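Throughout, read-outs are computed from the coordinates displayed, never taken from laboratory work. The structure displayed is predicted, hence computed values, not measured ones. Note that each Cβ is placed from the backbone with ideal geometry, even for glycine, and that neighbours are counted across all protein chains shown.
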2 protein chains.
Amino acid sequence: MPYTIEFEPIGIRLLCEEPLTISDAARRAGISLKSVCGGKAVCGKCLVHVHRDSVSPPTESEQRLLTNNQLAEGWRLACCTTVLADTAVHVPVTSTAEAQVIQLDGVGAHCEPRPMVRMFPITTPVPSLTDQTADLRRISDALRQQHGVEQARVDLPALRSLHAALRAGDWQVAVAIRGDEIIAVYPGAIPRPIGLAVDVGTTKLACYLVDLETGQTLAAKGAMNPQIAYGEDVMSRLEAVMVNPANDSRLQQEAVETINTVAAELCDTQKLTTEYLLDVCLVGNTAMHHLLLNLPVRSLALSPFVSALDSALDVDAGQIGLHAAPGVRAHFPAPIAGFVGSDHLAFLLAAGFGEDNRTKLGIDIGTNTEIALQVGGRIVSCSTASGPAFEGAHIRHGMRAAPGAIERVIIDEDGAVHCDIVAGSPPVGVCGSGILDALAEMCKVGIINQRGRINRDKPGVCCEDDGKPVFLLAAGGNGRRDVTISQEDIDQVLLAKGAIRAGIDILMDHLGVTPREIEEIVIAGAFGTYMDPFRAVRIGLLPNVPLTRVHAIGNGAGAGARMMLVSTDARQCAIRLAERIEYLELAAYPGFNKYFAYGVRLPAF
Amino acid sequence: MPYTIEFEPIGIRLLCEEPLTISDAARRAGISLKSVCGGKAVCGKCLVHVHRDSVSPPTESEQRLLTNNQLAEGWRLACCTTVLADTAVHVPVTSTAEAQVIQLDGVGAHCEPRPMVRMFPITTPVPSLTDQTADLRRISDALRQQHGVEQARVDLPALRSLHAALRAGDWQVAVAIRGDEIIAVYPGAIPRPIGLAVDVGTTKLACYLVDLETGQTLAAKGAMNPQIAYGEDVMSRLEAVMVNPANDSRLQQEAVETINTVAAELCDTQKLTTEYLLDVCLVGNTAMHHLLLNLPVRSLALSPFVSALDSALDVDAGQIGLHAAPGVRAHFPAPIAGFVGSDHLAFLLAAGFGEDNRTKLGIDIGTNTEIALQVGGRIVSCSTASGPAFEGAHIRHGMRAAPGAIERVIIDEDGAVHCDIVAGSPPVGVCGSGILDALAEMCKVGIINQRGRINRDKPGVCCEDDGKPVFLLAAGGNGRRDVTISQEDIDQVLLAKGAIRAGIDILMDHLGVTPREIEEIVIAGAFGTYMDPFRAVRIGLLPNVPLTRVHAIGNGAGAGARMMLVSTDARQCAIRLAERIEYLELAAYPGFNKYFAYGVRLPAF
């Protein structure tokens, strides 16, 4: 009897046919749970919260590792708990392997599907000594007669497959055509026309399986970018290639293999294989783009930071090792510049940049944050190394706005801390809004100064074993840890804030725009999705605009990639958009340091 | 001091920089001399005739292995003789490794060159922090500004090479463009634009290096088709693949590797590498075509003999392993049917079929002989398994019309044999004209009957050790062997003649043409080149037409391939021609056996 597991707050559903442990189910769903002991019920790290009574009873290990209170509240170890019926499983950030939470939502592709590839069912006559017509001509004749479609070219691997497909389908086949070229032939009736959109991030890959005719996202899944073994950030990864050129193809192959694996799993949800993928669209920052295409990256890493190309490129999927239908040409939208990639273009496309002339700010927050400002007919973009703080990766007790997350903080003048916690659960961490709130409040009462230094004399500030000061947001108890904010956390957030704000201010200065004139701010990225505009404006991350003008669209790059996957119009739109975007090199902007220093400082409260 | 060796009658010239033995020079020129002892001056098989006094004096080995008469006449061992100055070397067929003589002449490509790929020299600005233009855009801007050429696409491997080429050429490069796509970028000044035409025969590969702008053949070389290890004829080779599907890619790779090796040697004559090959055109019979593209061949081998395609195909050279410039698309002209390949199309193109409506017969003689008859607006082609006799391979004392070849035979009623010998040398073998003459004369005086049976009672007929009768054409002596004609030789020639004549007669019957109406007979293939029309008509190989109407054009397929290599017009012409050619299945023609039996018989003399 099949049942469904819903993982929260990630929002991934998994249909299971047999009883599975939550660990196994999570693995199938692409969610990496912490597992120091490797599922031996020893480390107790894979703590999850199960809502309903549809799981196996607690094991002896769980009774040993968890408190009775925890068990009573529904906390269980994923490796010990077998799911028996429909259930929702809450996975706290503290239980997921670092940086494993993938941003898969994003706005829907708001465009009419008009795919590059179309599929036609045909039936051909059976050959005989009086009809020795070649296989390909048999098919093109049928295409013309049965659909009025003229075929002029054929991809070689597709041509190689004609023979078997015609005979396996008993002279009834489905022919996939892009333009005037046959790219695949499938025996029998017409299958669902599917395509793959991928947002290749430095840290994470987000893959979307899309119905090319309806535009519907059929399944989505994330994975770590395996290149992370060669360096966490873009620069260290480029250096890895420059130091050892053999790494070039290794990085390429490992990323492609991961995409192939995820794609196969996604296709499997539709009872299809990657051989049925009729189109692929991949976006990413320029380094990921170049690495995935095995283009030289030396010039990306060294001044003057010149990319190999800044236009859209279609390449044979097979040429870069991507598994797909024989003749698929993978679409790589244009990278804008060395540090502004096609993911930024995809985000701006999804955010409607270039559609009108409204004054509009777009911010895609990540380890690198790309910012675009549209004013009149101009769109200027820049990139800023904001670091991983807003991705939640390097904030000690950072987590998403899931149950147990501190999302609102008020600190009285006497130092008393009041926290709002998501779902009213006991506090287990602090989410984006919470940390922004905390910083503002700490500054307000003087626990930190405007540069973010912790005042050790203030109540709530204590010293850790290494002598470094931390501020206690919420005390632990009942087996829970304290939730604290360290000097390092504060520095990380302020550096990120400073980098992003400097980028925004420089773009506004460059185009002569004041905050009041900004009609819309569109924010993408996981952090942005859960960020409270009020707090973002309050600590000065965003310029002071009416809050109703701030919109979050989640994974904007993924959304844009899906648009370009299903719509030739969106591809054309993106090509025109890319030609319009001007790149501004922040480091070369006069007074950059002043802007940055201003951006890092907290406002006076 | 450089000197030139001219190998005759093959017609290959070799420019040498240093003193070489004739063996080494022959190897460089792609001519395989017999060498049982491996060049150790022991076997005496590598006998050649040197015309001028520009070689080293005879060695002790030569004095031991050759007679004084031979040495006086200019006969030498290739492995012992060092060339010192310009010379012509005659290589008798008896000294060449079997089936290693490659037909490389053929008519010149009689078309205006208009290549697919053009080359443009450009200089780009040097990048700086104020000019971060991407490499590709730097090139396309220069192409537009300096040549008015719009570039829209780029091949991925070419794109990968931009970075190094721009920097190695100090921002001066040569860009090769096909249509609107960049297919290669070379550092520095513009190199000679070269392309490769290949005639892929079942037994031999003929490769031509051509200047794409002038149409001039710069160098040519042949090689054995290495697939021969999997079967001598087409059918046994197809069976090898069907029995073991892994052979499919082995056959493909081995053929491509041989082409790559020969291509590299040809490019080397121009001080270039295969990376500079800007275009490739490959013709061959349909089985060779399919094997080279790794297309399924099962349907080619089994009734109803359906090919995968019967239209022209362009494929990425890299996709089939061919070494060439990054973005080269190898052109495969259309195969006509399962047993009539693109080599036939190339031959008909070179022979001017389809250019006018003259009544015209085209015959490409090989192991398989393809025949086409053009009448009015129609062109009908057929294929016939004529066997290797006319290729000279399986005739015991067969050779080309080189010195020592019996080229004319008269037999008196009393059995006395009179021979004309090429260059008046002592007789060493019999060439095509000679064997046709011999058969006619033998029949005339009753040494053989009209079915070719030797009458053992006739003078000149003797028995060999195995009891089989042979006819003595010329007695040996002075260390030379007898030149004889065996029953097997006669059978081979008559079967070949029967197959070809049956094909001609069936085509004439099918189109209602009488011999008198035939305005031209064009003959291709090595045998055809040296065949005397008078003898061919006399023994009934050709219908009875005025001899001035018979023309030989040598390797017509190679000539046609070169035309399609250098001229887009010729490609278009060939595409139209292919659509017009009707294929006739001889075996299914009513009364085929009767035609064949008639064709095998010798006429009454």
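Worth a mention:
- Antiparallel DSSP beta bridges within the protein assembly as shown, percent to nearest 5: 70
- Sorted by Cβ neighbour density within 10 Å, fewest at the top, the residues A:M288, A:M116: A:M116, A:M288
- Hydrodynamic radius of the protein assembly as shown per Kirkwood, over alpha carbon pairs, in Å: 35.4
- With only Cα atoms counted, region A:345-437 has Rg and Dmax values of 17.8, 52 Å.
- Cα lying deepest toward the dipole's positive end in chain A, options A:A502, A:A405, A:L136, charges on Cβ: A:A502
- Using θ = phi - 60° in the Karplus curve 6.51 cos²θ - 1.76 cosθ + 1.60, the 3J(HN,Hα) couplings for region A:84-92 round to 10, 8, 2, 7, 10, 10, 8, 10, x Hz; x is entered for Gly and Pro.
- Ordering B:H331, B:F347, B:C79 by Cα displacement along the dipole of chain B toward the positive end leaves B:F347 in first place; charges were set at the Cβ atoms of Lys, Arg (+1) and Asp, Glu (-1).
- Integer Hz, Karplus 6.51/-1.76/1.60 couplings in order for region B:209-226, x for Gly and Pro: 9, 10, 6, 5, 8, 9, x, 5, 7, 7, 6, 9, 7, x, 8, 5, 6, x
- Taking amide H positions as modeled 1.01 Å from N, with prolines and chain starts lacking one, the residues under 5 Å from A:S425 and 5 or more places away or on another chain are A:G404.
- Distances between copies of A:R453, taken at a point 7 Å out from Cα along the Cα→Cβ vector and listed shortest first: 12.1 nm.
- Shape of chain A, Cα gyration tensor, a/c cut at 1.5: oblate
- Beta bridges per DSSP with both ends in chain A, % antiparallel, nearest 5: 70
- Each 10 Å bin from zero holds the following percent of Cα-Cα pairs in region A:107-167: 17, 45, 22, 12, 3, 1.
- Calculated from backbone phi, Karplus (6.51, -1.76, 1.60) coupling profile of region A:537-547 in Hz, x at Gly/Pro: 6, 4, 8, x, 5, 10, x, 7, 10, x, 5
- Long-range amide H partners of A:A312 with built H, under 5 Å: A:A334
- Estimated from the Cβ-Cβ distance and a Förster radius of 45 angstrom, the FRET efficiency linking A:D491 and B:Q253 is about 0.15.
- A Cβ-based charge dipole, computed about the Cα centre of the protein assembly as shown with Lys and Arg at +1 and Asp and Glu at -1, lands at about 60 debye.
- Anisotropy class of region A:271-430 from Cα gyration tensor, a/c 1.5 cut: prolate
- Across identical copies of the chain, B:D569 has label-point separations of 4.5 nm, listed in ascending order, with the point defined 7 angstrom from Cα along Cα→Cβ.
- Placing unit charges on the Cβ atoms only, positive for Lys and Arg and negative for Asp and Glu, gives region B:120-262 a dipole magnitude near 300 debye about its Cα centre.
- For chain B: relative contact order, % (alpha-carbon pairs under 8 angstrom, 6 or more apart): 14
- A straight line joining the Cα centroids of region A:502-534 and region A:347-366 runs 10 Å.
- Under 5 Å, built H, 5+ apart or other chain: amide partners of B:G169: B:G188
- Cross-link pairs exceeding 31 Å in C-alpha to C-alpha distance, out of B:K221/B:K444; B:K204/B:K594; A:K204/A:K594; A:K204/A:K497; B:K221/B:K594; B:K468/B:K497, comprise B:K221/B:K444; B:K204/B:K594; A:K204/A:K594; B:K221/B:K594.
- Each other copy holds its own label point for B:T123; taking that point as 7 Å from Cα along Cα to Cβ, the gaps run 6.8 nm, nearest first.
- Neighbour counts of other Cβ atoms within 10 Å put B:H510, B:H397 in the fewest-to-most order B:H510, B:H397.
- Gyration tensor verdict on region B:533-605 (Cα atoms; rounded if a/c is under 1.5, prolate if a/b is larger than b/c, oblate otherwise): oblate
- Here the sum of -39500 (n - 2.57) over DSSP H runs of 4 or more residues, divided by the residues of the protein assembly as shown, equals -9000 deg cm²/dmol at 222 nm, to the nearest 500.
- Listed from fewest to most Cβ neighbours within 10 Å, the set A:L282, A:L345, B:L15 follows the order B:L15, A:L345, A:L282.
- Anchor B:K458: aspartates and glutamates whose Cα lies under 17 Å away (excluding residues fewer than 8 positions away in-chain): B:D412, B:E413, B:D414, B:E441
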